[in-house]
Amino acid sequence: MKKILISVVFVLFAISGFAQKREVQTASNYLRAGKLDKALTAIEKAIVHEQTMNDPRAWFYKGNILLQIHETKEPAYASLVENPLDKALEAYTKAVQLDTKKQYYLEMFENVRAMGNKFFLQGLENYEFGDSLKADSILSKEYYTKASQGFDKANQSTMLVEFIDTAALYYSGYTIMLAKNYDKAIEAYNKLIEMNYDKPDLYLSIISAYAGKKDPAKELEYIEIARQKWPDDNNILLTETNYYIKNGDVEKAQRNLMLAIEKDPDNVILHFNVGVNYQTLYEDTENSLESRLNYYNEAIKAFNLALSIDPDNFESNYSLGAIIFNEGVRIYTEADNELRKTQDFNKYQQEELKYKEIWKTAQPYLEKALSLIDKTSRDYELTVRSLRELYARTNQNEKLQQMNEILQSLQN
């Protein structure tokens, strides 16, 4: 009797196991027929039963079903599962873990790569939306974070079939850096470096991440590595230049800019930055007057070179007008101080002619600068105020009134 009972239990157990394997096949059949609700019901039964819960085929089909639910245009099917693409990644991951003999590798390959592409597109969409929002806003950071997660899942997907999506991993780091999560970005970039992903853009990004972290030592370390790897890369040279400017080493910055101009002589930005550097040295009152005037003349040359390439460049027009105007203010201040000491009105009048002539020289550049931007520009009010001061100092009352009216309208 006991033997009969054992035999009956064994038969029932075998029948139960067969029934659950049949559920896997049923799910596959429903999937092929496009009946996603029934396919999902069948596969959910299979993956919780002890006979099929460790069957890679069951998890593979679950991934396929969830992928189709993500893709479907049918509202009834689309609402079956929340975040079906994420759940498909979980299912395929489980299938790979269980498929130690790689029986389903080839079948899984195309679906997993397709899933990776979908995550990549999600990342791209979130990045583009974040980029369309106000910079550094909470919402833009939220979308950049979502973008990074999408790119990261794209890489996770392709890694299931032993393929590393370096583009997805790079963009995962890049977008999380835009969200100001610099540590996460550096983590992603270091993974790429470990994979010998030797590209200038990667090093420029990791340099930016350390700059964001306010870690100048690490920033310089990677700048030096990048310069050794790509000594002729202008972008890396300019990144090093910006580092020197930011840290007050104007001489090294200027040396780099001159090297960059040799490689790209028609680059307006390079000539403009040379001018800005000389302007910084000119404005440093710790330098001798002779040195400052030399820097002033070099700045004028650089800004004029920039304008010879692009006459309608706002920054070059404004900066040239501003430095000329400020030189006039310097002469005026010195003349005024000298007059208070000596009461020598004749000498003062000679200096007055000089500084007023300099102010008039600055005028067309500042007026041109104002004509190149509209009221929405953050530089608009600054330019108007600069012109207002110039018109006030040169007794151009009608134009002064115009600037006052513009400023009044901006405040309203």
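The values are calculated or read from the model by the stated rules, or taken from the named source; none is laboratory data. If you're wondering where the values come from, they're calculated on a predicted model, not measured in any experiment. All Cβ positions, even for glycine, are placed from backbone atoms using ideal geometry, and neighbour counts span all protein chains on display.
What the table shows:
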item	result
Count - residues of region 283-312 that are in a helix (DSSP H, G or I), over 34 Å from the mean Cα position of the chain (by Cα) and without any contact (Cβ under 8 Å) to a residue 12 or more places away in the chain	7
Those helices (runs of 4 or more DSSP H) lying entirely in region 133-227 with at least 2 residues farther than 25 Å from MET108 by Cα and touching a Pro at 6+ places or on another chain (Cβ under 7 Å)	none
In region 71-101, the residues that are of a type outside the set (Asp, Glu), more than 19 Å from ALA114 (Cβ to Cβ) and in a loop (DSSP other than H, G, I, E, B)	SER79, LEU80, THR100, LYS101
Contacts under 6 angstrom Cβ, first residue in region 48-63 being more than 10 Å from LYS94 (Cα to Cα), partner at pLDDT 90 or above and not in a helix (DSSP H, G or I), 6 or more apart	none
Residue count, region 45-70 (criterion: part of a helix (DSSP H, G or I) and surrounded by 15 or more Cβ atoms within 10 Å (Cβ to Cβ))	18
Residue within region 373-385 that is in the same structural domain as ASN317 (by TED's automatic domain parsing), closer than 21 Å to ALA306 by Cα, at pLDDT 90 or above and not in a helix (DSSP H, G or I) present	yes
Residues located in region 302-334, provided they are of a type in the set (Gly, Ala, Ser) and crowded, with 21+ Cβ neighbours inside 10 Å	ALA302, ALA306, SER316, SER319, GLY321, GLY328
Region 232-270, subset acidic (Asp, Glu) and assigned to a loop (DSSP other than H, G, I, E, B), residue modelled with the highest pLDDT	ASP266
Any chance ASN273 is in a helix (DSSP H, G or I) and surrounded by fewer than 17 Cβ atoms within 10 Å (Cβ to Cβ)	no
